[in-house]
1. Just need a number here: residues in the range 122-154 that are β-branched (Val, Ile, Thr), surrounded by fewer than 19 Cβ atoms within 10 Å (Cβ to Cβ) and more than 26 Å from Ala182 (Cβ to Cβ).
2. Determine which member of the set Gly67, Gly79, Gly91 is crowded, with 24+ Cβ neighbours inside 10 Å and either modelled with pLDDT under 95 or not hydrophobic (A, V, I, L, M, F, W, C) (or both).
3. Does Leu99 fit the bill of being of a type in the set (A, V, I, L, M), surrounded by fewer than 22 Cβ atoms within 10 Å (Cβ to Cβ) and in contact with a helix residue (DSSP H, G or I) (Cβ under 9 Å, 6 or more places away or on another chain)?
4. Of everything in the range 202-226, what is closer than 18 Å to Leu3 by Cα and of a type outside the set (Val, Ile, Thr)? Give them in sequence order.
5. Under the condition of being of a type in the set (Asp, Glu) and assigned to a helix (DSSP H, G or I), which residue from the range 168-218 is least open to solvent (accessible area, probe 1.4 Å)?
6. Out of the strands (runs of 3 or more DSSP E) lying entirely within the range 1-107, which hold 1 or more residues that are within 23 Å of Gly249 (Cβ to Cβ), of a type outside the set (D, E, K, R) and under 17 Å from the mean Cα position of the chain (by Cα)?
7. List every residue pair whose Cβ atoms sit under 9 Å apart, with the two residues 6 or more apart in sequence or on different chains, where the first one lies in the range 45-63 and is surrounded by fewer than 16 Cβ atoms within 10 Å (Cβ to Cβ) and the second, anywhere, is among the small types (Gly, Ala, Ser) and in a helix (DSSP H, G or I).
8. Could you check Gly145 against (1) in a loop (DSSP other than H, G, I, E, B); (2) in contact with a Gly (Cβ under 6 Å, 6 or more places away or on another chain) and say which number it fails?
Amino acid sequence: MRLTVVGSGTSEPQAETPASGILVETTTFAVLVDCGQGVVRELLRIRDPRELDAIVVGHMHADHYIGLISLRYLLPWTGVHERLDVYLPPGGRARIRKLAAAISERPDFFDDAFRIVEYDPAGRIDVGDMTISFIPGLHYVPAWGCSISDTDGRRIVISGDTGPNEELVAVARGADVLVAEATLPSPGHDDPRRGHLTPEEALDIAARAGVPRTILVHYPADLRARIDAACAGLPGASAGEAGLVIDVGRPDAETTPAPDGARIVGDAKVEVAPARLS
């Protein structure tokens, strides 16, 4: 099972990274979790986006799904026999049809190439040898994180956008990797009804869940140094950056080069680099 950070940014464009996008692969299947701005372009350096088996979107803020436009233009206009499965949260289908109208395309523009499914957050999705279940986030709009497991029992938990979340702690227990958002410089930068985490809050969730590896994402570039310093206090924690590759379950702890400058990391602390935000 392999995890690749395609994008670790927020809704604020930044030179260091695309917005939200995490690729999870087994030897036979590939799932992209979130598809924000710039993600498809970055994904082209890693693998052909047309070979994805599914895309899962945690919530309908643009920095988590607007890249579907780019991907749709990459796909054939006619003769698409195998449509790509795109799983959206409840209400997502109507949003996608409005998006097609907003970009002056026909209402079924996305349906021609995507098999759009609104997932049941209480249910599960099977994508080949991976099973995906959902974690309610605490955000400004309905939002979900996810837990992805393979048939060998390896498991990755992705927080999605969320404020402090006790359910995330519970779900992350026993996981091999936690990918957690770390958007805010302080809680005072959030709404009274919390919707994001500080780096320290994200690491506290990881520590209480006892996960061996934590990757912090969805942060502005100017938080990077602080994230690196905070991660130094929790073994196995590091900042996520575009191109970071983790082979989940590798017995060694080596960091080795991967194609196109990405890095593959083993089961130990990772030394890695890469802005209110949705």
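1. Qualifying residue count for the region: 2.
2. Result: Gly67 is the single residue among Gly67, Gly79, Gly91 that is crowded, with 24+ Cβ neighbours inside 10 Å and either modelled with pLDDT under 95 or not hydrophobic (A, V, I, L, M, F, W, C) (or both).
3. It is true that Leu99 is of a type in the set (A, V, I, L, M), surrounded by fewer than 22 Cβ atoms within 10 Å (Cβ to Cβ) and in contact with a helix residue (DSSP H, G or I) (Cβ under 9 Å, 6 or more places away or on another chain).
4. Of everything in the range 202-226, those that are closer than 18 Å to Leu3 by Cα and of a type outside the set (Val, Ile, Thr) turn out to be Ala206, Pro212, Arg213, Leu216, His218.
5. Here the answer is Glu201.
6. Output list reads 2-7, 21-25, 30-33, 54-56.
7. The qualifying pairs are Arg45/Gly261.
8. (1)
The values are calculated or read from the model by the stated rules, or taken from the named source; none is laboratory data. Nothing here was measured: the structure is a model prediction, and the numbers come from that model. Cβ: placed from backbone, ideal geometry, glycine included. Neighbour counts: every protein chain shown. Side chains included, ligands, DNA and RNA excluded: accessible areas come from the protein's heavy atoms. Shrake-Rupley method; radii C 1.70, N 1.55, O 1.52, S 1.80 Å.
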